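Working notes, structure below.
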Amino acid sequence: MSAYIPILGLVVLAAVFVWVAAIWLSPLIGPHRYNRTKYDSFECGIQPTPQTVTGGGRFAVKYYVTAMLFIVFDIEIVFLYPWAVAFDRLGAFGVVEMLLFIVVVFVAYAYVLRRGGLDWD
């Protein structure tokens, strides 16, 4: 148990430093330049505008379709990684099953591409 005493001391020292230096000393030694811009809300450099429609307005469906496409391809990677790790133990059955999986995913991709789901106009 005595091996953990230095770690406990370091944790206590860090907590005291955060409490004393960050909370109590920073307002005392920091700059005191208060202006309206400092306390104004920040939205990526653009001045905030009021919403014209209640509920915040509507987004186009193409944004949701694009997000779903990213999710589909992320899930494909999640399935491809363990298959690649265990490729040598799966044999021909694993190769055929993964080829079927990839064909199904790329058929969906071709469908979306044909329907214009990836156009950013």
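State whether the residues of the range 15-22 include one that is assigned to a loop (DSSP other than H, G, I, E, B), of a type in the set (A, V, I, L, M, F, W, C) and either modelled with pLDDT of 75 or more or under 31 Å from the mean Cα position of the chain (by Cα) (or both). Break it down stepwise before answering.
Kept after step one, since they are assigned to a loop (DSSP other than H, G, I, E, B), are these residues of the range 15-22: none.
Checked the range 15-22: no residue is assigned to a loop (DSSP other than H, G, I, E, B), of a type in the set (A, V, I, L, M, F, W, C) and either modelled with pLDDT of 75 or more or under 31 Å from the mean Cα position of the chain (by Cα) (or both).
Return yes when ILE102 is assigned to a helix (DSSP H, G or I), of a type in the set (A, V, I, L, M), modelled with pLDDT of 85 or more and out of contact with any Lys or Arg (no Cβ under 7 Å at 6 or more places or on another chain) and no when it is not. Step through it out loud before you land on a result.
Numbers: assigned to a helix (DSSP H, G or I): yes; of a type in the set (A, V, I, L, M): yes; modelled with pLDDT of 85 or more: yes; out of contact with any Lys or Arg (no Cβ under 7 Å at 6 or more places or on another chain): yes.
Considered against the rule, which asks whether it is assigned to a helix (DSSP H, G or I), of a type in the set (A, V, I, L, M), modelled with pLDDT of 85 or more and out of contact with any Lys or Arg (no Cβ under 7 Å at 6 or more places or on another chain), ILE102 comes out as yes.
Tell me which of these TRP120 doesn't satisfy, since it passes every other one: (1) surrounded by 10 or more Cβ atoms within 10 Å (Cβ to Cβ); (2) at pLDDT below 85; (3) of a type in the set (A, V, I, L, M, F, W, C).
Every condition holds for TRP120 apart from (1).
The values are calculated or read from the model by the stated rules, or taken from the named source; none is laboratory data. What you see is a predicted model; the values in this text were computed from it and never measured. Methodologically, a virtual Cβ is constructed for each residue, glycine included, from the backbone with ideal geometry; neighbour enumeration extends over all protein chains shown.
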